Structure formats: C-alpha cells, structure tokens
Amino acid sequence: MTAVQTFTPDRPTGAPPVLLLHGFASSGRQDWVDTGIAAELAAAGRVVVVPDLPGHGGSPVPAEAAGAPAVAAALLALAGDGPVDVVGYSLGARLAWELPELAPDRVRAVVLGGLSPFEPFAALDVAALRAAVAGGEPGDPMTGMIAAMIAGASGGVPERAAGLVRLVEGLRATPFEPKGWAGRTPPVFVAGAEDMMTSGIENVVAPAHVARLVTVPGDHRGALAGQAFRDAVAKALAT
C-alpha cells in the first residue's frame, strides 16, 4: 500500500484537496513536509495529500516496471474521486502531466515545478544501471549519477534499490513526450533560475495553451526550498 500523509486544515475552505507529488530519489516528507509547503497549504484551509512514490519513502517497492500513466493513475486515486489540484516537482511534475489525460473532469489547477523538458531516463541502459546499483562500474556519468541517487534513496537495501531500478525501467518505457496540455486549465510551470534540469522548458510551455512560466531563485533543489516557490504555488492554487 502506498505510504501517504494527509494534512487536514482546522478551518477548511471547501476547495478541492491538493495532491503533492515529489521528485525522484526523494520523498513526500523531504519535498513537501520539511520545506513547509504542506503545512502552509493546510493553514490556508486546504486538505493536503502527500504520497510517497513507488519505492520511495515508506512506500513498497514496485513489483514490476509500471509506466508513467499507471503510476500517475495510482497516485491520483489517493485523492479520492472528486476534483483535485496538483503540485508536482521534478519526477512528480512529469507524473502530474499525465493526470489530465487520465481524468480531465477531475484535475483543476496544476503546478509543474522543476520539470525537465526531455525524458532524463531515455538514454539510460537499464542493465548497466542495475549492474552499477549492485556495485559495478557505472560506465558513464549519467548512469553513475542515477545509481548514486538510488543508493541514497534506498538506504543501501538491495531490494529497495532493485525496486527503484524497476521504476526507472517503467518510466523509460513511457518517455515524457509533451505534445500539448490535455487539461482544461493551463498549468503553471515553475523553474529555478539556476536549474539546469529545466533548461529548454520554454519549448514545453509554449504549446500548453497559454500556460505561465514563473522563474524563481535557485538550482534544482534550492528552488523547491525557497519562499518564491511557495508563493508561486499559493498564487496558482488561489486562482
């Protein structure tokens, strides 16, 4: 069962819940609780749903290599069956992109933070990644970087590391190929000014039906932790 934290406001506004989706090799706690974002949204009267992605945090490892649409559908189900606002960061933003395709009548405001305009796992050799995670030589810098992230996120537990490799395999098989926004409300993109991961995001923003791009200070991690990101989220969800 997916690990999920739910924050219930003292004075609910009656607005839809907010689903917060974290990045790869992170957790709901690291991205949304420790940064104060979940608490700020709850203080503003919103019910906040904070799951851990498969193999991350307290969630079990995936038994098979599920693609991005299947992972996204399982996460959306955690927010019930009514309208929902969504904030995703990095991999969480990539999964959030899928949601209007799956449930156009449910998904309202969407904030896509730290989104890479290309599929970062597309060039990975999964067999080489699996070998690197098991202690072999990575062979190339990208594989080495992902292997190191998996090692950190798995806490050195081989079963959890293997599960994260399966997640990567499934995402790689369903690469991010943005061809237009399926949602009824244009998304808000938020990118760190020093975040190389989001370089070229303008090419995704342009065809997304008058979407807005908000640039905030910081690199990939620093942008998420900054007040400017929280302000951008609050503004996007208030409209």
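The values are calculated or read from the model by the stated rules, or taken from the named source; none is laboratory data. Please read all numbers here as calculations on a predicted model, not as lab measurements. Glycine gets a Cβ as well: all are built from the backbone with ideal geometry, and neighbour counts include every protein chain shown. The area values use the complete protein model at the heavy-atom level, side chains included, leaving out ligands, DNA and RNA. Shrake-Rupley method; radii C 1.70, N 1.55, O 1.52, S 1.80 Å.
In whole percent, what relative contact order does the range 94-153 give with Cα contacts below 8 Å and a gap of six or more residues?
On the way: 33 pairs, mean separation 13.2, N = 60.
For the range 94-153, the relative contact order is 22 percent.
Suppose a student asked you for the relative contact order of the chain, using Cα pairs under 8 Å spaced at least 6 residues apart; what percent would you report? Please list the in-between numbers first.
Values: 498 pairs, mean separation 48.2, N = 239.
For the chain, the relative contact order is 20 percent.
Sort Met1, Met145, Met197 by accessible area with a 1.4 Å probe, largest first.
Details: Met1 195, Met145 95, Met197 65 Å².
Ranked list, largest accessible area first: Met1, Met145, Met197.
I'd like the orientation of helix 68-77 relative to the chain: the angle between its Cα long axis and the longest Cα principal axis, in ° from 0 to 90, rounded to 10.
40
Sort Asp81, Asp140, Asp231, Asp52 by heavy-atom solvent-accessible area, probe 1.4 angstrom, most to least. Mind showing how you got there, number by number?
Values: Asp81 145, Asp140 60, Asp231 80, Asp52 20 Å².
Largest to smallest exposure gives the sequence Asp81, Asp231, Asp140, Asp52.
What does the charge dipole of the chain about its Cα centre add up to, to the nearest 20 debye, if the Cβ of each Lys and Arg holds +1 and the Cβ of each Asp and Glu holds -1?
Values: 16 positive and 23 negative charges, 102 e Å.
In debye, rounded to 20, the chain gives about 500.
Please report the orientation-averaged projected area of the chain, defined via the convex hull of its C-alpha atoms, in nm².
Values: hull surface 46.8 nm².
Answer in nm², one decimal: 11.7.
Choose one of Leu112, Ala74, Ile150: the residue whose Cα lies farthest towards the positive end of the charge dipole of the range 52-154 (beta-carbon charges +1 Lys, Arg; -1 Asp, Glu; about the Cα centre).
Result: Leu112.
Is the range 168-239 best put as rounded, prolate or oblate by its Cα gyration tensor, with a ≥ b ≥ c the root eigenvalues, rounded for a/c under 1.5, and otherwise prolate when a/b is larger than b/c, oblate when not? Can you show the working numbers first?
Details: a/c = 1.82, a/b = 1.18, b/c = 1.53.
Oblate, because a/c is 1.5 or more while a/b does not exceed b/c.
What is the distance in Å between the Cα centres of the range 70-122 and the range 179-239?
Value for the Cα centre distance between the two parts: 14 Å.
Rounded, prolate or oblate: which one fits the range 165-208, using the alpha carbon gyration tensor with axes a ≥ b ≥ c (rounded when a/c is under 1.5, else prolate when a/b beats b/c, else oblate)? Write down the numbers at each step before the final one.
Working: a/c = 2.35, a/b = 1.28, b/c = 1.83.
In terms of gyration-tensor shape, oblate.
Return a whole-number percent for the relative contact order of the range 189-239, with Cα pairs under 8 Å and 6 or more residues apart as the contact set. Please list the in-between numbers first.
Working: 57 pairs, mean separation 20.4, N = 51.
Once normalised by length, the contact order is 40 percent.
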